[in-house]
Amino acid sequence: MNAVVSELADAAALCGRVTTVLEGFLDDKAQEAAKLGMPSEVTQCLRDFLGCGGKRLRPLLCLTGWQAAGGCETPEAVVGVAASLEMFHTFCLIHDDVMDDSGSRRGAPTVHRRLARHHGPGRSTSDAGQVGASCAILIGDLALCWSGELLHAAGLTTGQLGAVLPLVDEMRSEVMYGQYLDVTAAGRPTTDVEKALRIARYKTAKYTVEHPLHIGAAVAGATPAVREALSAYALPVGEAFQLRDDLLGVFGTPEVTGKPALDDLREGKHTVLVALALQRADREQRRTLHSLLGSPALDAAGAAHLRAILTATGARGEVEDMIQTRRAQALRVLDTAPFPRPATVSLRQLADSALVRAS
């Protein structure tokens, strides 16, 4: 028990160091903006977004990848790389909320909704919404640019930077493709489970788990055996993380998840949960799924009807089974992976905390 408490305390301390780097960086950016007479709400929006929660999962996995490849202690350069991943994640979430027109994130108004209110006086509701979305896209773009700036300012050696940059480029491209697949499949859910898993793999699994681990390991000069073991662990954990997210998006409690309960159903997201339900549904259930999924007018009663079908068809239970199967697969990898014990312990804890969660 004491070892577990120690590991959790170490993780909290590392998250604190990442947050300190991000806050210092935004302090500098706010000062630069003030000198140029630029709007203060740009850096303030990012500061508020980063400060209102978030698991810091990607930074933690980056730092764990460093440990897994034999990195000792945790130098500031590695913390800076981890911070750059959290800034990149911020970019992804801000843009994701604009694309989904989500009203809340982490229990607070999304950036585009907040900016719509800020710039709303004197404008119509639709004009304010358009301005808010446009401004949020630009702030997300800045977060993307600044994630690169954080990476280059982290203090890596030339060799370390050369090892990390191709991985970062690959991560950025893959998550964009994953989002593209997600957007183009929304509103047209089918029985194609493999297509839904492919979306999960590129939208979440690789960018959330595999790439952060590989990036941290690359800084430490990881061997091919370490990289292969990290991928073997990361992909099932990442897929399970998205499967859990899909369940929470439909069955979660907004007060706990910090996100609306109807968004995924109103968008008609093509998820494994929905694909399985369509496979197993009878004629009447299938008709209801097709008529209600993706309806912008979906209300609480309609959502409850959809949830009942997703449960009655066994789709919800099968997704739970898939999560546990992937968790077990990842934990088996750790039994023989060539990682130092602290890294193995951290990866076990991260798998549990990421997959057995309510938010």
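Of 198, 188, all but one fail to be over 30 Å from residue 158 (Cβ atoms) and over 20 Å from the mean Cα position of the chain (by Cα); the exception is 188. Residues that are among the aromatic types (Phe, Trp, Tyr) and closer than 17 Å to residue 84 by Cβ within the range 200-227 comprise just one, 207. The condition (being touching a Phe, Trp or Tyr at 6+ places or on another chain (Cβ under 8 Å) and of a type in the set (A, V, I, L, M, F, W, C)) is satisfied by just one residue among 232, 308, 217: 217. Only one of the listed residues (317, 249) is surrounded by fewer than 16 Cβ atoms within 10 Å (Cβ to Cβ) and closer than 23 Å to residue 197 by Cα. That residue is 317. Only residues that are in contact (Cβ under 8 Å) with a residue 12 or more places away in the chain and either surrounded by fewer than 19 Cβ atoms within 10 Å (Cβ to Cβ) or not β-branched (Val, Ile, Thr) (or both) were counted across the range 166-183, and they come to 11.
Out of the residues in the range 326-359 that are surrounded by 13 or more Cβ atoms within 10 Å (Cβ to Cβ) and hydroxyl-bearing (Ser, Thr, Tyr), state the one that is farthest from the chain's Cα centre (by Cα). Within the range 326-359, the match that is farthest from the chain's Cα centre (by Cα) is 344. Candidates are the residues of the range 73-97 that are more than 15 Å from the chain's Cα centre (by Cα) and crowded, with 19+ Cβ neighbours inside 10 Å; the one that is farthest from residue 49 (Cα to Cα) is 78. I'd like to check something: does the range 243-262 contain any residue that is over 22 Å from residue 355 (Cα atoms), among the small types (Gly, Ala, Ser) and at pLDDT below 95? No: the range 243-262 contains no residue that is over 22 Å from residue 355 (Cα atoms), among the small types (Gly, Ala, Ser) and at pLDDT below 95.
Residue count for the range 1-19 satisfying the condition of being exposed (fewer than 15 other Cβ atoms within 10 Å of the Cβ) and either in contact with a Phe, Trp or Tyr (Cβ under 8 Å, 6 or more places away or on another chain) or modelled with pLDDT of 85 or more (or both): 2. A single entry from 52, 92 fulfils the requirement of being touching a strand residue (DSSP E or B) at 6+ places or on another chain (Cβ under 6 Å), in contact (Cβ under 8 Å) with a residue 24 or more places away in the chain and not polar (S, T, N, Q): 52. Just one residue in the set 205, 196 is touching a Leu at 6+ places or on another chain (Cβ under 6 Å) and crowded, with 21+ Cβ neighbours inside 10 Å; that residue is 205. With respect to (1) modelled with pLDDT under 95; (2) among the hydrophobic types (A, V, I, L, M, F, W, C); (3) over 18 Å from the mean Cα position of the chain (by Cα), the lone exception for residue 156 is condition (1).
With respect to the stated conditions, residue 150 is farther than 18 Å from residue 268 by Cα, part of a helix (DSSP H, G or I) and touching a Ser or Thr at 6+ places or on another chain (Cβ under 6 Å).
Of all the numbered requirements in (1) of a type outside the set (A, V, I, L, M, F, W, C); (2) modelled with pLDDT of 95 or more; (3) under 23 Å from residue 178 (Cβ atoms), residue 270 misses one, and that requirement is (2). More than 30 Å from residue 252 (Cα to Cα), in contact (Cβ under 8 Å) with a residue 60 or more places away in the chain and crowded, with 24+ Cβ neighbours inside 10 Å: does that describe residue 146? Here the answer is no, as residue 146 does not meet what is asked. The helices (runs of 4 or more DSSP H) falling completely within the range 281-338 that include 1 or more residues that are without any contact (Cβ under 8 Å) to a residue 24 or more places away in the chain and farther than 22 Å from residue 252 by Cα map to 283-292, 315-336. So, of the residues in the range 276-309 that are closer than 20 Å to residue 194 by Cα and crowded, with 20+ Cβ neighbours inside 10 Å, which turns out to be farthest from the chain's Cα centre (by Cα)? Per the criteria, the residue is 281. Looking across the range 49-72, the residues that are of a type in the set (A, V, I, L, M), crowded, with 24+ Cβ neighbours inside 10 Å and within 23 Å of residue 93 (Cα to Cα) come down to 60, 61, 63.
Would you tally the residues in the range 209-235 being assigned to a helix (DSSP H, G or I) and surrounded by fewer than 24 Cβ atoms within 10 Å (Cβ to Cβ)? Qualifying residue count for the region: 9. If the condition is being hydrophobic (A, V, I, L, M, F, W, C), over 18 Å from residue 210 (Cα atoms) and not in a loop (DSSP other than H, G, I, E, B), then the range 51-101 contributes 77, 91, 93, 94, 98, 99. Residue count for the range 210-249, restricted to those that are under 17 Å from the mean Cα position of the chain (by Cα) and in contact (Cβ under 8 Å) with a residue 24 or more places away in the chain: 21.
The values are calculated or read from the model by the stated rules, or taken from the named source; none is laboratory data. All figures in this text were calculated on a predicted structure; none of them were measured in a lab. As a convention, Cβ positions derive from the backbone with ideal geometry for all residues, glycine included, and neighbour counts pool all protein chains shown.
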